[in-house]
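Participant: Can you keep this structure in mind? I'll have questions shortly.
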Amino acid sequence: MYREDSRRHNLFSRRAVMLGGAQLLMSTVLIGRMYQLQVIDAKKFQMLADENRINMRLLVPPRGRIFDRNGEPLAVNGMNYRVLITAEQAPDILQTLTALKRILDIKETDQERILREISRRRSFIPVTIRESIDWSTVSKIEVNAPDLPGISIEVDQTRQYLVGSKTSHILGYVAYPPPDLKQSDALLRVPGFRVGKTGIEKYHDLQLRGKAGNSQFEVNALGRVIRELKREPGVPGNDLILTVDLPLQSFLSQRLSNFKSAAGVLLDANNGAVLALASVPSFDPNEFNTPLPADSWLAISKSPYQPLMNKAISGVYAPGSTFKMVTALAALEYRLITPNQQFFCPGHYTLGEGRFHCWSKNGHGRVNMKQALQQSCDVYFYELALRLGIERIAKVARKLGLGEATGIGLPGERLGLVPTPLWKKEKLGRSWQGGETLLAGIGQGFLLSTPLQLAVMTARIATGKRIKPYLLRASMLDGRIEMEQTEEASGIALSPRNLKIIKEAMRAAVNTPLGTGWGSRLTGSGHQMAGKTGTSQVRRISREERESGIKKNEDLPWKERDHSLFVAFAPTKKPRFAISVIVEHGGSGSKVAAPAARDILLEALRREPSSVLTAVEKN
């Protein structure tokens, strides 16, 4: 009995010890786990908790401003007053909107959009009613706030273009990013954020954007903001200083606005700085700060005069007689003729069974190179072109900047076209014909150029330098100006003697009575300009029409009229400016484009653009 009790006692003792050990082990594990959670992993779980209750919002940085060469502001940031409605604060949304209509013109379509957005969002998330309202309207809304429950005013940035349409094709405009682009950068998804869509705004968009700031704020379980915890402002974008001279830009834009459709470029002939560039008709970039109404967009986009197109860099035209300097230079460079060698112009030129006419029906008689350029004799250049061949003409044309991108620093620049037999074979599947060489010699046929390329060509002839046009002069951040590094223009590998012959002929074309530009000479200015007129055909004149009498340009439908062109540089002794002007369907180059270019050059000579940069720092 005693032994049995002893065995039971020992058994219970062992079981107790084992149970106590298990409990001790479990307690140790629990304590260890609690220590790990509360001490070792405390920071980790604190972070997870904070992520649940703290949200971060990106803040849009101030966009970099844009100035002209003398510090005049062209594009700056203004205040955008936005009207919002918050559904949870408006007991009766329709009643609130009805009351607001007494201050704001809210159309039925606008109200439908607002109600649709409210139904898709949480009740505490505001919905935009209208953007870019003026201060007077803001004041009225604030005064009537008690009668407008749920209505609030929010302020953010908007882009302001201070001279409107006068610089629109240079600066471009900003707008909301497209949906496909929003996935590339979180900043692009921030409400109200805009990106450059055209012009300088697009080309230098990343530089102008700056870096986003952020705001950390506490939210409750529903996502409603309780309070802001921390704010770090963004880094403003770089300010840009352009080569453009605003008074000259305004003058050029205003002078060309007399025409239905035109473009002009004024360059510093020695370094390629773009002093003015305009395309008309233009548009007001401020209108793109908010989405355009459908009817307004349709009117702009479908206009036959293409106001959104920058014709100075994207419009391509047959250069017409302004190309004759290229043909003449090529003939001199390849030593096929001498400057005094004469050809007879009876008013037409025969090649095989084809007859190619001169603009002068009765002909020019015997003319040398200077006289041919002065009077723009087509027959003389037919002869040169046939002797040269298209390949030689093309090589000299490319040296002068035709048929290639200039690298101006604007999106949408087109290359133009300097054709060759290989190009025609690959593009059209046909062989080159001799008559096409004749047409190329006078700037017609397949040849295409932009107004910018023609200005570059003129500057290179004037200076003998391989200048490249550019628009960005300097950038500025935190008050520090950094000048853009531009390459010093090298020579264009053309004989200075031959260039001098061409320049003298261009001078005669404007400053002698027989010259086609005589009516647009710089009288009373103390300077002379050298130039070349051009009239570019846009339709083929049939034999029947030529025999019965060609219709006057003004009697034709606008789209069938010739383009009017003029290129020039001034002064003739020490060239400072180079210009090209094209008036679409304007007719005679001497009557239309030349007087416009003369007026612009006179203004440039009078002003002599300054190189001062310090004025920018005052803005």
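The values are calculated or read from the model by the stated rules, or taken from the named source; none is laboratory data. Owing to the predicted nature of the structure, the values given are computational and were not obtained by experimental measurement. Positions of Cβ are generated from backbone atoms using ideal geometry, with glycine treated the same way; all protein chains shown enter the neighbour counts. Ligands, DNA and RNA are stripped out before the accessible areas are found, and what is left, the full protein with its side chains, is counted by its heavy atoms. Shrake-Rupley method; radii C 1.70, N 1.55, O 1.52, S 1.80 Å.
Participant: Would you kindly identify the helices (runs of 4 or more DSSP H) lying entirely within the range 185-296 that contain at least 2 residues that are among the hydroxyl-bearing types (S, T, Y) and surrounded by 15 or more Cβ atoms within 10 Å (Cβ to Cβ)?
Facilitator: Qualifying helices (runs of 4 or more DSSP H): 246-256.
Participant: Check whether at least one residue in the range 68-83 is over 30 Å from V155 (Cβ atoms), of a type outside the set (A, V, I, L, M) and at pLDDT below 55, and report yes or no.
Facilitator: For the range 68-83, residues over 30 Å from V155 (Cβ atoms), of a type outside the set (A, V, I, L, M) and at pLDDT below 55: absent.
Participant: Give R430, R398, R392 a once-over and let me know the one that is touching a helix residue (DSSP H, G or I) at 6+ places or on another chain (Cβ under 9 Å), surrounded by fewer than 17 Cβ atoms within 10 Å (Cβ to Cβ) and at pLDDT 95 or above.
Facilitator: Exactly one of R430, R398, R392 is touching a helix residue (DSSP H, G or I) at 6+ places or on another chain (Cβ under 9 Å), surrounded by fewer than 17 Cβ atoms within 10 Å (Cβ to Cβ) and at pLDDT 95 or above, namely R430.
Participant: In the list P339, P304, which residue meets the criterion of being in a loop (DSSP other than H, G, I, E, B), open to solvent by 10 Å² or more (accessible area, probe 1.4 Å) and modelled with pLDDT under 95?
Facilitator: It is P304.
Participant: Would you mind listing the helices (runs of 4 or more DSSP H) fully within the range 357-455 where at least 3 residues are out of contact with any Cys (no Cβ under 8 Å at 6 or more places or on another chain) and within 30 Å of M309 (Cα to Cα)?
Facilitator: 390-399, 421-428, 434-441
Participant: So, in the range 589-610, exactly how many residues are within 15 Å of V510 (Cα to Cα), open to solvent by 10 Å² or more (accessible area, probe 1.4 Å) and not charged (D, E, K, R)?
Facilitator: Counting residues in the range 589-610 that are within 15 Å of V510 (Cα to Cα), open to solvent by 10 Å² or more (accessible area, probe 1.4 Å) and not charged (D, E, K, R) gives 4.
Participant: Can you give me the number of residues within the range 81-106 that are farther than 14 Å from I118 by Cβ, part of a loop (DSSP other than H, G, I, E, B) and open to solvent by 70 Å² or more (accessible area, probe 1.4 Å)?
Facilitator: Qualifying residue count for the region: 3.
Participant: Can you list residue pairs whose Cβ atoms sit under 8 Å apart, with the first residue in the range 276-295 being within 12 Å of S165 (Cβ to Cβ) and the second being open to solvent by 10 Å² or more (accessible area, probe 1.4 Å) and β-branched (V, I, T)? Count only pairs 6 or more apart in sequence or on different chains.
Facilitator: Short answer, once both residue conditions are applied: F283/I300.
One line per residue, one yes/no per condition, for (1) open to solvent by 10 Å² or more (accessible area, probe 1.4 Å); (2) touching a residue at least 24 places away in the same chain (Cβ under 8 Å); (3) under 30 Å from L242 (Cα atoms):
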residue: M369; (1), (2), (3): no, yes, no
residue: A405; (1), (2), (3): yes, no, yes
residue: E413; (1), (2), (3): yes, yes, yes
residue: T420; (1), (2), (3): yes, yes, no
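Participant: Do we find that G363 is at positive phi and either touching a residue at least 12 places away in the same chain (Cβ under 8 Å) or crowded, with 24+ Cβ neighbours inside 10 Å (or both) in this structure?
Facilitator: So G363 passes the test.
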